[in-house]
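What follows is a short report on a single structure.
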Amino acid sequence: MSFASTTGAPAAGAAAQAEPIKVMLVDDAVVVRGLVGRWISDEPDMTLVAAHRSAREAVADITRQDPDVVVLDIEMPDMDGLTALPLMIAAKRDLVVVMASTLTRRSAEISLKCLSLGAADYVPKPESNAGVTTSPAFRRELIDKIRALGRRHRLPARASATAARAQTAAAPARVAAPSIVPHAHAPHAFKTRAFQAMLPKVLVIGASTGGPQALTTVLRGLQPILERVPVLITQHMPPTFTTILAEHTAKATGRPATEAKDGEPVQAGHIYVAPGGRHMLVKRVGATPAIQLDDGPPINFCKPAVDPLFKSAAQVWGGAVLACVLTGMGSDGSHGAGDVVAAGGNVIAQDEASSVVWGMPGAVAMAGHAAAVLPVDQIAAKIVRLFSGDRS
């Protein structure tokens, strides 16, 4: 799994960018510390403030080094990453922690657990030290995430602006005219569209960095409609991680949720998760929509990617598609959102204040594809109203 750089994400202010992002690296493998430490030091906007072989040492050093971002291994002797994470966050409440884990089921389970405990994101690590040294994708993804999350961490007054931004973003959903409504969403100006009148029949969701937490928030709020609506999700994740995400989604919603299988019919009441390493599309088999898995090259540096899901859904259901773009790096989903709008469907984007990274939803909003830009805790209620025929 790899990501585009922060295309579509808001740039940090000049003052925030002038000071390098301070990074702490915690990994018991000396080869990994040396190599990844050099990668970080080679970036002009980053500085390596410490590299520890012990999570216990790192916890004790948080206050002194005051890092912006910690890259934290999971499997370590003495103290593992799962144990260290809450101690680090307790030492510095606004600390950004990126978990580094191999593609094993155990590591994937722990990584998703860490997200629920306050980690900002994770990076799948090659299983061997030799793999780390020969993986440009791992290097690119790690550096991109440090940069995007470190910059986001430095945006001023994020918490104090949350309420005002939420009100600004929510207001257009209650406006019937004009069809395009301007927003003063400092520091970005974007426009929302009027909601189209067609009743939606399917919900498609795209997410990346910060997505698992956002998905849980949204899906738990959809209980009134989940029994009668098919939900298709593309979350940027590698194999194994998507398997566990589907399992967690089933537990959180009480509805069937599985990794999608090629050729299976799309049924109401079922949640389909794009499997890691395959693009998920939909096609018609006779009169029935069905899943189509594609093993083509990455799109927007992602596999699975959101754009092909959105585009194919628009081709199958036309204006009856409701698309939702949640927090994430890059701009994946923006072109597909345009396809949904062109077919007569509607798009909702998560707002900046509640996003871990406002890349993907920001790209959708700035392109003018969104009919609403909402805080994550307001999205489910809006989706339920739209599936019930309410456009207010």
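Read-outs: derived from the displayed coordinates by stated rules, not from any lab. Everything numeric in this text was worked out from a predicted model, so none of it was measured. Note: ideal-geometry Cβ built from the backbone for every residue, glycine included; neighbour counts use all protein chains shown.
Brief remarks follow.
- Over the chain, Cα pairs under 8 Å with separation of 6+ residues give a relative contact order of 18 percent.
- With the simple spin-label model, which puts each label point 7 Å out from Cα in the Cβ direction, the ASP66 to ASP28 separation comes to 3.2 nm.
- Loop sites in region 72-143: GluC sites (Glu not before Pro), DSSP, at most 15 other Cβ within 10 Å: GLU127
- In summary, the aspartates and glutamates within cross-link reach of LYS125, defined as a Cα separation below 18 angstrom excluding same-chain residues under 8 places away, comprise ASP27, ASP28, ASP73, GLU75, ASP80, GLU109, GLU141, ASP144.
- From the alpha carbon centroid of region 194-232 to that of region 83-122 is 26 Å.
- Choice from GLN350, GLN65, GLN213 showing the highest fluctuation, given a GNM over the chain with Cα pairs closer than 10 Å: GLN65
- ALA90-ALA250 pseudo-label distance in nm [points 7 Å out on the Cα-to-Cβ vector]: 3.5
- On Cα atoms only, tilt of 158-170 relative to the major axis of the chain in degrees: 10
- The share of alpha-carbon pairs in the chain lying farther apart than 32 Å comes to 32%.
- Reachable lysines, given that their alpha-carbon falls under 16 Å from the alpha-carbon of LYS113 and they are not under 8 places away in the same chain: LYS251
- Helix 55-65 vs. the chain, principal-axis angle (Cα, 0 to 90°, nearest 10): 90
- Counting beta carbons within 10 Å around each of TRP39, TRP317 and listing the fewest first gives the order TRP39, TRP317.
- Selected from SER116, SER135, TRP358, residue furthest toward positive end of dipole (the chain; charges at beta carbon): TRP358
- Of the trypsin sites (Lys or Arg not before Pro) in region 219-279, those whose Cβ has at most 14 other Cβ within 10 Å and which sit in DSSP loop: ARG228, LYS261
- Helix 241-253 axis versus longest C-alpha principal axis of the chain: approximately 60°, rounded to the nearest ten.
- Note on the chain: with a GNM built from Cα contacts shorter than 10 Å, the maximum mean-square fluctuation among ASP80, ASP307, ASP42 falls on ASP42.
- Using a cutoff of 8 angstrom between alpha carbon atoms and counting only pairs six or more residues apart, the relative contact order for region 161-387 works out to 25 percent.
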